[in-house]
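Enquirer: Mind looking over this structure? Questions follow.
The values are calculated or read from the model by the stated rules, or taken from the named source; none is laboratory data. Just so you know, these numbers come straight off a predicted model, no measurement behind them. When we count neighbours, we look across all protein chains shown, and the Cβ atoms used for this are built from the backbone with ideal geometry, even at glycine. Each accessible area value is taken on the protein alone, full model and side chains, heavy atoms only, with ligands, DNA and RNA left out. Shrake-Rupley method; radii C 1.70, N 1.55, O 1.52, S 1.80 Å.
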Amino acid sequence: KLFHSQLILAAVILLYYLVPSASKAVWEKFTPQKKFDRQMYHYGNFSQDFLWGVSSSAYQIEGGWNAEGKGPSVWDTFTQKPGSEIPEDVNGNVACDSYNRLDEDLYMLQALKVKSYRFSLSWSRVFPNGRRESMNQKGVDYYNRLINGLLARKITPMVTIYHWDLPQALQDIGGWQNVEMVDIFNDYCDFCFATFGDRVKFWMTMNDPQGLAWQGYGTGQIPPNIKEPGTAPYQVAHNLIKAHATAYHTYDDKYRASQRGMVSIALKADWVEPKDINVPRDLVAADRAMQFHVGWFAHPIFKNGDYPEALKAQVLVKSELQGLSQSRLPSFTEEEKNLIKGTADMFCVNHYTTRLVTHITGLLSPHSYQNDWDFTEEQDSGSPATAIKNQRAVSWGLRRLLNWIMEEYGDPEIYITDNGGATTAKTSWDDIDRVFFYKTYINEALKAYELDGVLLKGYTATSLMDSFEWLNGYTVGYGFYHVDFTDPNRPRTPKLSAHFYFQLMKDNGFPITEDEKMLYGEFPQDFLWSSATLGIICIIMLDVQNVTLFILYSNNSG
C-alpha cells in the first residue's frame, strides 16, 4: 500500500510538470515582477456596463429572528447558547434591524448610487421549518418589498438563496450530511425562482460552500458545530455540489426561457503563493492548495463534473495509508458528473487575502481534511494587517487570482461578489485603512481587466454597513456605514470609505488626473543652459507665491 501510494503521489507531481497548469502560468507571468512593478498604480476605466455594488447577508443584518412567523436557523440556535465563543456572547437577534428598517437600507443604497445590491434570503423566514408546506407569507412579503424597492431605484438585486443560515428543523434531520437535502434545497430554490424570478435576474444558489463544509462540519467552529474532520466535510461538499447542480437545472428547465436570468454559486477563493518559488515541492503544494480550496467546488462545476485529480489522488493516498478500503472522498457517478458539469453562467468569487504555502508531510492521524493537504499556510507579513487576524491586505493577490480563474476555467465572465477589509468596531468615520484596501484591491482588479484581458463584469464591496460578523460578533466592521449597536434605533452614519467608493463608482475606475498626465513643452528661447564644476552646487528656486526653497547639494564635480 505504501508503494502504491507513493506511485500515485509521484504521478501527480510528474503530471504537474508535464501538463501546463493555470498556477504555473500565473507564477511564470507575475513572479519576475519587481516590487516596484507590482505596486505600480494603473489608471484606466472599467466598461460602461460594469456592475458596481455592495453586499450583505440575512443573518448578519436582518434581526427579527422570530418575528412574524420566522423559524429558528442554526445560527439562532448557536448564538443564543452561552459560551458560543463569540465576543461578549452577542447574537443576531436584532443586528442592524433591517427587517424593521428596510427603508433606511434602501435610502443608503440610493445615496451611494450603487448599481447592484447583493443580499441573501433567510431560508427559515421564507420556510420556517425548511419545507414548502410551512411557507411564511410575511417573510415573502418582506423580500418582495426589498426587491421592488431596489428596482424602483434602478438597483440590480443579486440574490444569494442560501448563506449558511440553515433552518434548524433541517439540521435536526442531519443537515447537509443527509442526501435528502439535495431535493429539499431544490424545492426551496424552485419556490424562490417562481416567486421572485420575474424581477431577480442574478442568482447565487449558495455562499462559500467550502467554508461551510470545513468550518461547519469539520472543525465545528460555526453552526451546525459538527466535528468530524476526516469524513463530514467531503460528504457535505458532495451533497452541496449536487444540490447546486440540481437547482441550476431546475432554473434551466422551468424558468430560464421566460425569466432570462443567470445562476451561479459564490465561491471563496483566496490566492496562494509558493513561499519559495525555487522549491519544486512548494510549487506543487501551492497548486494543490488552489485545488483543495477552490477546485474542490469549481472543478466539478466549471470543468468536467468531477473533483480535481490532485484532490482525488491526495485523499486516496492518505486513506490507503490509514488502512481504509476506499477513499474518504466520495465519487460521483457518470450520471452525476453530467448533471454537475457546466452548472454556472458566470464565476462568482469572494476574495479577501493571499497566503504563502509551504510543502509539509501532514499527519495520518487524526483523519482530517486539513491533514490531507500536505501543505501549510502563513500570512504575508510584509502586507498591512486588518482587524481580522488572518486577513492581511495583499492586494496584488487579487490580480493573480483573476488570471488563474481565467486560465483554469476557460475564460469565464467573472463577478467579484465579496471583497473588503475590516476595521475595529470603534472606527466610526475615519476608516482610511479601508479606503487604502479598496483603492489597491480595485486597482489590481482593473489591471486584470485592462492589462490581462480578464472578463471581469462586476465588483461587489463588503459591505453596505457594519453588521454581525459571525464569530467576531460586533468587534469588527466591514461597512461603508457605521451602525451604533448600542442605540435601539441603530443609527447609520457614512464613513470616509463610503465617500471614496461613491466617487470611484462615479468615475468608473481610476481615470488619469491632470496632475499625473505627462507634460510636454519647451523652455523659453533665452533659457540659460549651463554646467558646473564646483565641488558643492547650491541651486536655489524661489516660488514667490508659496515661498518654497529648494537646495540641492552635490559632491560630484562636472
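Enquirer: Kindly list, by first and then second residue, each pair from a residue in the stretch 44-58 that is over 11 Å from TYR459 (Cβ atoms) to a residue that is part of a loop (DSSP other than H, G, I, E, B) and among the β-branched types (Val, Ile, Thr), limited to pairs with Cβ atoms under 9 Å and residues at least 6 apart or on different chains.
Expert: Once the first residue is over 11 Å from TYR459 (Cβ atoms) and sits in the stretch 44-58, its partners that are part of a loop (DSSP other than H, G, I, E, B) and among the β-branched types (Val, Ile, Thr) give GLY44/ILE512; SER56/THR462.
Enquirer: Does TRP65 satisfy being closer than 30 Å to LEU112 by Cα and without any contact (Cβ under 8 Å) to a residue 60 or more places away in the chain?
Expert: Judged against the criteria, TRP65 is a match.
Enquirer: Further question on the same structure: Answer yes or no as to whether ASP515 is open to solvent by 50 Å² or more (accessible area, probe 1.4 Å), outside any loop (DSSP other than H, G, I, E, B) and either touching a Pro at 6+ places or on another chain (Cβ under 6 Å) or modelled with pLDDT under 95 (or both).
Expert: yes
Enquirer: Filter the stretch 208-233 down to residues that are charged (D, E, K, R) and over 21 Å from the mean Cα position of the chain (by Cα) and give me whichever is most open to solvent (accessible area, probe 1.4 Å).
Expert: Restricting to residues being charged (D, E, K, R) and over 21 Å from the mean Cα position of the chain (by Cα), the top hit is LYS227.
Enquirer: Continuing with this model, one more query. Of the residues that make up the stretch 537-558, is at least one assigned to a loop (DSSP other than H, G, I, E, B), farther than 30 Å from ALA425 by Cβ, at pLDDT below 85 and among the charged types (D, E, K, R)?
Expert: No, the stretch 537-558 contains no residue that is assigned to a loop (DSSP other than H, G, I, E, B), farther than 30 Å from ALA425 by Cβ, at pLDDT below 85 and among the charged types (D, E, K, R).
Enquirer: Within the stretch 432-441, can one find any residue that is in contact (Cβ under 8 Å) with a residue 12 or more places away in the chain, touching a strand residue (DSSP E or B) at 6+ places or on another chain (Cβ under 7 Å) and basic (Lys, Arg)?
Expert: yes
Enquirer: So which residues in the stretch 189-219 are among the aromatic types (Phe, Trp, Tyr) and part of a helix (DSSP H, G or I)?
Expert: Residues satisfying the conditions are PHE191, PHE193, PHE196, TRP214, TYR217.
Enquirer: For the stretch 92-124, enumerate the residues that are within 15 Å of GLU68 (Cα to Cα) and among the hydrophobic types (A, V, I, L, M, F, W, C).
Expert: VAL94, TRP123
Enquirer: What number of residues within the stretch 85-114 satisfy the criterion of being surrounded by fewer than 17 Cβ atoms within 10 Å (Cβ to Cβ) and in a loop (DSSP other than H, G, I, E, B)?
Expert: Matching residues across the stretch 85-114 total 4.
Enquirer: Having 1 or more residues that are at pLDDT 90 or above and not charged (D, E, K, R) is the bar; report the helices (runs of 4 or more DSSP H) wholly within the stretch 1-77 that clear it.
Expert: Counting at least 1 such residues, we get 22-30, 58-61.
Here is a yes/no grid of residues against (1) surrounded by fewer than 22 Cβ atoms within 10 Å (Cβ to Cβ); (2) in a loop (DSSP other than H, G, I, E, B):
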{"position": "GLY420", "(1), (2)": "no, yes"}
{"position": "PHE436", "(1), (2)": "yes, no"}
{"position": "THR440", "(1), (2)": "yes, no"}
{"position": "THR460", "(1), (2)": "no, no"}
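Enquirer: Same structure again: Filter the stretch 142-156 for residues that are open to solvent by less than 20 Å² (accessible area, probe 1.4 Å), more than 18 Å from ASP190 (Cα to Cα) and under 25 Å from the mean Cα position of the chain (by Cα) and give the result.
Expert: Hits for the stretch 142-156 are LEU146, LEU150, ILE155.
Enquirer: Output the residues belonging to the stretch 234-292 that are under 29 Å from PHE193 (Cβ atoms), touching a residue at least 24 places away in the same chain (Cβ under 8 Å), open to solvent by 50 Å² or more (accessible area, probe 1.4 Å) and of a type in the set (D, E, K, R).
Expert: LYS254, ARG260, LYS268
Enquirer: Of these, LEU311, LEU339, which one is without any contact (Cβ under 8 Å) to a residue 24 or more places away in the chain and either over 30 Å from ALA445 (Cα atoms) or not acidic (Asp, Glu) (or both)?
Expert: LEU311
Enquirer: So in the stretch 446-456, with the set limited to residues that are in contact with a Leu (Cβ under 6 Å, 6 or more places away or on another chain) and either closer than 24 Å to PRO384 by Cα or not hydrophobic (A, V, I, L, M, F, W, C) (or both), which one is least open to solvent (accessible area, probe 1.4 Å)?
Expert: The residue in question is ALA448.
Enquirer: If I ask for residues that are open to solvent by 10 Å² or more (accessible area, probe 1.4 Å), modelled with pLDDT of 95 or more and closer than 19 Å to GLY230 by Cβ, which ones from the stretch 293-312 would you list?
Expert: Matches in the stretch 293-312: HIS293, LYS312.
Enquirer: Among the residues of the stretch 128-141, count how many are surrounded by 24 or more Cβ atoms within 10 Å (Cβ to Cβ) and either assigned to a helix (DSSP H, G or I) or in contact with a Phe, Trp or Tyr (Cβ under 6 Å, 6 or more places away or on another chain) (or both).
Expert: So the count comes out to 1.
Enquirer: Can you say whether LEU339 is touching an Asp or Glu at 6+ places or on another chain (Cβ under 8 Å), open to solvent by 30 Å² or more (accessible area, probe 1.4 Å) and outside any loop (DSSP other than H, G, I, E, B), as far as the supplied structure shows?
Expert: Criteria not met by LEU339.
Enquirer: Considering only the stretch 251-325, give the helices (runs of 4 or more DSSP H) lying wholly within it that have at least 3 residues that are under 21 Å from VAL349 (Cβ atoms).
Expert: In the stretch 251-325, the matching helices (runs of 4 or more DSSP H) lie at 280-290, 296-299.
Enquirer: Got a number for residues in the stretch 485-504 being touching a residue at least 24 places away in the same chain (Cβ under 8 Å), of a type outside the set (A, V, I, L, M, F, W, C) and outside any strand (DSSP E or B)?
Expert: 4
Enquirer: Being over 24 Å from the mean Cα position of the chain (by Cα), surrounded by fewer than 10 Cβ atoms within 10 Å (Cβ to Cβ) and not β-branched (Val, Ile, Thr) is the filter here; which residues of the stretch 477-512 pass it?
Expert: Result: ASP487, PRO488, ASN489.
Enquirer: Within the stretch 436-445, does at least one residue satisfy the condition of being among the basic types (Lys, Arg) and within 28 Å of PRO511 (Cβ to Cβ)?
Expert: Looking for residues that are among the basic types (Lys, Arg) and within 28 Å of PRO511 (Cβ to Cβ), one finds at least one in the stretch 436-445, hence yes.
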